[in-house]
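Working notes, beginning with the structure itself.
The values are calculated or read from the model by the stated rules, or taken from the named source; none is laboratory data. Note that the structure is predicted; figures quoted are calculated from it, not measured. Here the Cβ positions follow ideal geometry from the backbone for every residue, glycine too, while neighbour counts run over all protein chains shown.
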Amino acid sequence: MSLESGNDSEILKTRYEELRSGYENLVKEVTFTLEKKLNTEGLEIVSIMGRVKTLESLMEKIERKQYSNPLADVTDLAGVRVVCQFTPDVKTVDSIVRQLFSVLESENKAIALGADHMGYSGTHHLIQLDERYKGSRYDGLDILKCEIQVRTILQDAWAQINHSLVYKSEASIPERERRELNNVSALLEVAQTIFDRSRKMRKRYAEEVKEKQNTPTEFLSQPIDRETVAAYTSWRYPDLPINENLQEMLLEQLDHNRYRTLKKLDEMISMAEKAVNAYKCVAPELFKSGTDHITKSLGFTDKNFRKKHAFGPRTSQALSDYEKLVPNRRGDA
């Protein structure tokens, strides 16, 4: 559609305003459905954002691209962006998108770039709601399309900065600047690869730690770190969850020169068992996680830890009241 005619322009604007509320409802539905599924799958996502293209942005794009049928040709009138931390998560989200919606088109931007070019490499899906979405809530939404972009946080950073610097045409950017931007793109790609590899190595290490649980001597000989303490907590308190925030605090407050292996930690927790059980009988609500048991055990057996940890008034009093139940108490030095 040529916008040289004022009448054509006004007709387009009027029609888009009529469709706009439908696109807004579509974005809400797609965002809600994705969030619900991702939470169910336990997938950690940086953000999910939805938007409907503004009339100003639409008119600018039509002028730039010279679309003949704008409302049919512009496929990102409704858009949802899912930002992940790691590349494998992008693939998982891609699979979930295919499960939830009717996918009309998909494009991996990395493949489009080719092997000899650098740039944005997320995945874009053009989707519609299918026959599963029935009822008055979805009336009119099934004929509308939505673009879902899935990318890592580094890809998102590159896309947004690149959009600001190289918006209309890469050819209009000086060669030196293009070369520098390509260098940045390459660095981000390398950084993403390192982050992905680091997570993979950490997962493998966590698996190796857990594999040793069937051999207590070997298991307890492992050094103290985030993965071993988490595995120990699950091993010692199999019916209780781990409080990850409290665990991070615990790791910061432990004297790592003293607690070099899980064996030392286990000794201190065993020593405090009678005192902990006595306190738990009167305040079970304060022992909801395995990590709660560990921190309170160390409160009873390690005075230096007790000073560092911000125990509440009730627990501080209990540490004093029940410390007589701790045999051969240590850690007072």
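Would you mind finding the one in Leu251, Leu262, Leu220, Leu188 that is within 28 Å of the chain's Cα centre (by Cα) and within 30 Å of Tyr322 (Cα to Cα)? Let's see the steps before the verdict.
Values: Leu262 fails: within 28 Å of the chain's Cα centre (by Cα); Leu220 fails: within 28 Å of the chain's Cα centre (by Cα); Leu188 fails: within 30 Å of Tyr322 (Cα to Cα).
After applying the criteria, what remains is Leu251.
Considering the stretch 127-167 alone, what residues qualify as being part of a helix (DSSP H, G or I) and within 27 Å of the chain's Cα centre (by Cα)?
Taking the stretch 127-167 as the starting set, the residues that turn out to be part of a helix (DSSP H, G or I) are 136-138, 153-165.
Within the stretch 127-167, Ile153, Leu154, Gln155, Asp156, Ala157, Trp158, Ala159, Gln160, Ile161, Asn162, His163, Ser164 qualify.
Does at least one position in the stretch 90-107 carry a residue that is exposed (fewer than 11 other Cβ atoms within 10 Å of the Cβ), touching a residue at least 60 places away in the same chain (Cβ under 8 Å) and farther than 22 Å from Ala159 by Cα?
Checking the stretch 90-107: at least one residue is exposed (fewer than 11 other Cβ atoms within 10 Å of the Cβ), touching a residue at least 60 places away in the same chain (Cβ under 8 Å) and farther than 22 Å from Ala159 by Cα.
Do any helices (runs of 4 or more DSSP H) entirely within the stretch 267-327 hold 2 or more residues that are within 28 Å of Glu227 (Cβ to Cβ) and either out of contact with any helix residue (DSSP H, G or I) (no Cβ under 8 Å at 6 or more places or on another chain) or not hydrophobic (A, V, I, L, M, F, W, C) (or both), and if so, which? Before you say what the answer is, go through the steps one by one.
Numbers: elements: 273-282, 290-301, 303-308, 313-321.
Where helices (runs of 4 or more DSSP H) fall fully within the stretch 267-327 and carry at least 2 residues being within 28 Å of Glu227 (Cβ to Cβ) and either out of contact with any helix residue (DSSP H, G or I) (no Cβ under 8 Å at 6 or more places or on another chain) or not hydrophobic (A, V, I, L, M, F, W, C) (or both), they are 273-282, 290-301, 303-308.
Based on what the data block shows, is Glu147 modelled with pLDDT of 95 or more, of a type in the set (Asp, Glu) and either under 28 Å from Leu12 (Cα atoms) or in contact with a helix residue (DSSP H, G or I) (Cβ under 7 Å, 6 or more places away or on another chain) (or both)? Let's see the steps before the verdict.
On the way: modelled with pLDDT of 95 or more: yes; of a type in the set (Asp, Glu): yes; either under 28 Å from Leu12 (Cα atoms) or in contact with a helix residue (DSSP H, G or I) (Cβ under 7 Å, 6 or more places away or on another chain) (or both): yes.
Taking the combined requirement at face value, the residue satisfies it.
Considering only helices (runs of 4 or more DSSP H) fully contained in the stretch 169-249, which possess at least 3 residues that are polar (S, T, N, Q)?
Details: elements: 175-211, 216-220, 226-236.
Result: 175-211, 226-236.
Under 6 Å by Cβ, and 6 or more places apart or on different chains, what pairs join a residue from the stretch 245-266 that is farther than 16 Å from Thr301 by Cα with one that is surrounded by 13 or more Cβ atoms within 10 Å (Cβ to Cβ) and β-branched (Val, Ile, Thr)?
Leu246/Thr291; Gln247/Thr291
Given the conditions (1) modelled with pLDDT of 95 or more; (2) of a type in the set (D, E, K, R); (3) not in a strand (DSSP E or B), which single one is not true for Arg15?
(1)
Given the structure, is Arg202 free of Cβ contacts under 8 Å to residues at least 40 places away in the same chain and on the phi < 0 side of the Ramachandran plot? I'd like the intermediate steps shown before the answer.
Working: free of Cβ contacts under 8 Å to residues at least 40 places away in the same chain: yes; on the phi < 0 side of the Ramachandran plot: yes.
When the stated conditions are applied, Arg202 passes them.
Just checking, which of Ser164, Ser185, Ser198 is modelled with pLDDT of 90 or more, closer than 28 Å to Phe86 by Cα and of a type in the set (Gly, Ala, Ser)?
Details: Ser164 fails: modelled with pLDDT of 90 or more; Ser185 fails: modelled with pLDDT of 90 or more.
Ser198 is the lone residue from the list that is modelled with pLDDT of 90 or more, closer than 28 Å to Phe86 by Cα and of a type in the set (Gly, Ala, Ser).
Which condition from (1) surrounded by 14 or more Cβ atoms within 10 Å (Cβ to Cβ); (2) in a helix (DSSP H, G or I); (3) out of contact with any helix residue (DSSP H, G or I) (no Cβ under 8 Å at 6 or more places or on another chain) is the one that Glu63 breaks?
Here Glu63 meets the rest and fails (1).
Answer with yes or no whether Thr291 is touching a residue at least 40 places away in the same chain (Cβ under 8 Å), surrounded by fewer than 20 Cβ atoms within 10 Å (Cβ to Cβ), of a type in the set (Ser, Thr, Tyr) and under 14 Å from Tyr232 (Cα atoms). Step through it out loud before you land on a result.
On the way: touching a residue at least 40 places away in the same chain (Cβ under 8 Å): yes; surrounded by fewer than 20 Cβ atoms within 10 Å (Cβ to Cβ): no; of a type in the set (Ser, Thr, Tyr): yes; under 14 Å from Tyr232 (Cα atoms): yes.
No; evaluated as a whole, the condition is false for this residue.
Among the listed residues Lys37, Lys28, identify the single one that is in contact with a Leu (Cβ under 9 Å, 6 or more places away or on another chain), closer than 30 Å to Thr92 by Cβ and in a helix (DSSP H, G or I).
Values: Lys28 fails: in contact with a Leu (Cβ under 9 Å, 6 or more places away or on another chain).
None of the others qualify; the one that does is Lys37.
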